[in-house]
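The values are calculated or read from the model by the stated rules, or taken from the named source; none is laboratory data. Quantities reported herein were computed from a predicted structural model and do not represent experimental measurements. Methodologically, a virtual Cβ is constructed for each residue, glycine included, from the backbone with ideal geometry; neighbour enumeration extends over all protein chains shown. All accessible areas refer to the heavy atoms of the entire protein, side chains included, with ligands and DNA or RNA removed. Shrake-Rupley method; radii C 1.70, N 1.55, O 1.52, S 1.80 Å.
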Number of protein chains: 2
Amino acid sequence: MEIPQINHIREAHERIKPFVHRTPVLTSSYLNSLLGCEIFFKCENFQKVGAFKFRGATNALLSATAEELRNGVATHSSGNHAQALALAAKMLGTKATIIMPNNSPSVKKNAVAGYGADIILCEPTLESRESTLREFVNQSGALFVHPYDNFNIICGQGTAALELIDEVGTLDAVIAPVGGGGLLSGTSIAVKSLLPKAKVYGAEPSGADDAARSMREGSRITQIVPNTVADGLRTTLSELTFSIIRQNVDDIITIDDDKIISSMRLIWERMKIIVEPSSATALAAVIAEKDRLAGSRIGIILSGGNVDLDNLPW
Amino acid sequence: MEIPQINHIREAHERIKPFVHRTPVLTSSYLNSLLGCEIFFKCENFQKVGAFKFRGATNALLSATAEELRNGVATHSSGNHAQALALAAKMLGTKATIIMPNNSPSVKKNAVAGYGADIILCEPTLESRESTLREFVNQSGALFVHPYDNFNIICGQGTAALELIDEVGTLDAVIAPVGGGGLLSGTSIAVKSLLPKAKVYGAEPSGADDAARSMREGSRITQIVPNTVADGLRTTLSELTFSIIRQNVDDIITIDDDKIISSMRLIWERMKIIVEPSSATALAAVIAEKDRLAGSRIGIILSGGNVDLDNLPW
């Protein structure tokens, strides 16, 4: 199990730079004055496919050999990784096949199909996803690109923090949401290498708090029944992401759904940008830890902006 | 009736620069490829108070003498101009009084009160607004700052186009929404001076098409019963804005509400930014005139981002 280092993230950045957006860093004087700190929002909601996931997917495909890509790529996901892999594959002239639960909203299926990927529907259980994927990969020889338990994916996700620090300089803390841990892993490696004194926090929904519990108990908890509005954060850590997070992350801050929703609304209303609940979890963590963070310069990774405008959580 | 010139807009820009945001210019490769042109969105939804109106209000107050400001400022508005004048007055240490219809949503009254302005409620008719304002101004000696029929307001609104052209250089066309005509007037003066070959278009809801009809008939139409989702565009031109628009604007493009709403949603979904219906009217105009504008470099002023998230139009 090879652990990525900062030089791998730098290499990933050089590799993907021509293909991804260098997203803007925004600030809000209202939020700064409300919270008594200075927050720098790295806007991955403006990334291609509307989420940071495009960084990892692009890096994974650019790092693969022609031989590995010969039979296309595949993954199971109904979320942003599915769209990211579909678009990265299209961009690089490779075939992508996405295993999606048969109850996925049609807007998500259409988005994936719109990028030219094939879709194979499965039952909406992890077992069915994994067995359907395994079967497809065995038959087709496609390269499986896991959404986070993957060295190159983690390196790609770390490039958002790399750009953030390059743009704003020193920070006292960086906060990223944590689901499967790919983003938080990459972020933590970048931050601890470039700003050794900075704290790194994960922001996690209380209704999917496997990372917080795993950190507390010192061993990886995988048996959770996620129940949270933050649909991007329902997954659990892998061995790889847990080992990185355990090493680098100072604390996991858990947030109830009502606080996630009110933070999401605060960002929409005050910053006039669209973020999904997963992104808002990081701002909610600042609000929850207002006293601890007072006076700090804080970086936040706004992970994505894909929401169903017909089903907003308020 | 003095008509503003480009030097007045330049002076306004120098005057307000320390107080307003220089808003970003965004592009969308998706929309460019969809529409076969290159669009530069000047994001006044990111301006203070969430709308371009803060430019004009700030310029009006900075242009007034201490004597004129001695008894405070006043206006009648339930929209973005109310908030803009309230915040500009607060920033410059002057008292603002806003005449608002008694059926204004409490979110709007709270926003104005939150900037420290006094509110006087009136009946929800133009007559009541105007007579209540007149009475207040007579009693108090406050300076009336009209939302658009005002030289300094128009100069302030023109600074958005000034910044846009400064940033992106030459353009084939610039489109701004038109309600009372302050933004379109200022925009048209800036564009026709700096880019004499560029076309200037107004985008107007079919349900409040007084500008289009006034242009067609060659005289100002004021008797309309506005019926449109674009609540910022329900007002009619003044003599001053009509004379500027008649001189400078190449065409007014009228748009039905369903097209305004679908364009608004397109911006939210694809650009991940929050704009109000008035802003979306300008993109809807590009879509309506797709053939005429094919291959062009187009500037759009996204006028604001103040929406009621509990009452979205879809």
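Results, tabulated for the structure shown:
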quantity: Aspartates and glutamates with Cα under 14 Å of residue A:108, excluding same-chain neighbours fewer than 8 positions away; calculated: A:118, A:231, A:308, A:310, B:269
quantity: Using a Förster distance of 35 Å, the FRET efficiency for residue A:294-residue A:144 (Cβ separation, nearest 0.05); calculated: 0.20
quantity: At 7 Å out from Cα toward Cβ: residue A:270 inter-copy label distances (nm, ascending); calculated: 3.1
quantity: Label point distance in nm, residue B:168-residue B:213, each placed 7 Å from Cα along Cα→Cβ; calculated: 3.2
quantity: For residue B:239, solvent-accessible area (1.4 Å; no DNA, RNA or ligand), Å²; calculated: 100
quantity: Helix A:277-288 axis, angle to chain A major axis (alpha carbon atoms, nearest 10°); calculated: 20
quantity: With DNA, RNA and ligands ignored, accessible area of residue B:106 (1.4 Å probe; Å², nearest 10); calculated: 70
quantity: Degrees between helix A:257-271 axis and first principal axis of chain A (Cα, 0 to 90, nearest 10); calculated: 80
quantity: 0 to 90° range, to nearest 10: angle between helix A:159-168 axis and chain A longest Cα axis; calculated: 30
quantity: Chain A - mean residue ellipticity at 222 nm from DSSP helices (-39,500 (n - 2.57) per run, n ≥ 4, rounded to 500); calculated: -14000 deg cm²/dmol
quantity: Relative packing of peptides B:228-235, A:299-306 - highest average C-beta neighbours within 10 Å first; calculated: A:299-306, B:228-235
quantity: Under 16 Å from residue B:192, Cα to Cα: lysines that are on another chain or at least 8 residues apart; calculated: none
quantity: Whole-number D in µm²/s for the protein assembly as shown (Stokes-Einstein; Kirkwood sum over Cα pairs; 25 °C, 0.890 mPa s); calculated: 95
quantity: Label point distance in nm, residue B:27-residue B:121, each placed 7 Å from Cα along Cα→Cβ; calculated: 5.0
quantity: Threshold 40 Å², segment B:296-313 residues less accessible with all protein chains present than alone (1.4 Å probe); calculated: B:309, B:310
quantity: Alpha carbon centroid spacing (whole Å) that separates segment A:43-76 from segment B:279-300; calculated: 33
quantity: Computed Kirkwood radius, in angstrom, where 1/r is averaged over Cα pairs of chain B; calculated: 19.2
quantity: Average partner coverage of A:267-273, which counts Cβ from other chains inside 10 Å; calculated: 6
quantity: A versus B: buried accessible surface, summed, Å² (probe 1.4 Å, to nearest 100); calculated: 1500
quantity: Pair residue A:68, residue A:106: separation of 7 Å Cα→Cβ label points (nm); calculated: 3.7
quantity: Hydrodynamic radius (Kirkwood) for segment A:210-311, which is based on Cα pairs only, to one decimal in Å; calculated: 14.8
quantity: Cα-based radius of gyration of segment B:54-148 once divided by 2.2 N^0.38 Å, which approximates compact folds; calculated: 0.97
quantity: Segment A:56-167, accessible area per residue, ligands and nucleic acids excluded (1.4 Å, Å²); calculated: 41
quantity: Carbon plus sulfur fraction of accessible area for the protein assembly as shown, probe 1.4 Å, in percent; calculated: 46
quantity: With DNA, RNA and ligands ignored, accessible area of residue A:314 (1.4 Å probe; Å², nearest 10); calculated: 80
quantity: Net charge dipole size for the protein assembly as shown [Lys, Arg +1 and Asp, Glu -1 on Cβ; Debye, nearest 20]; calculated: 960
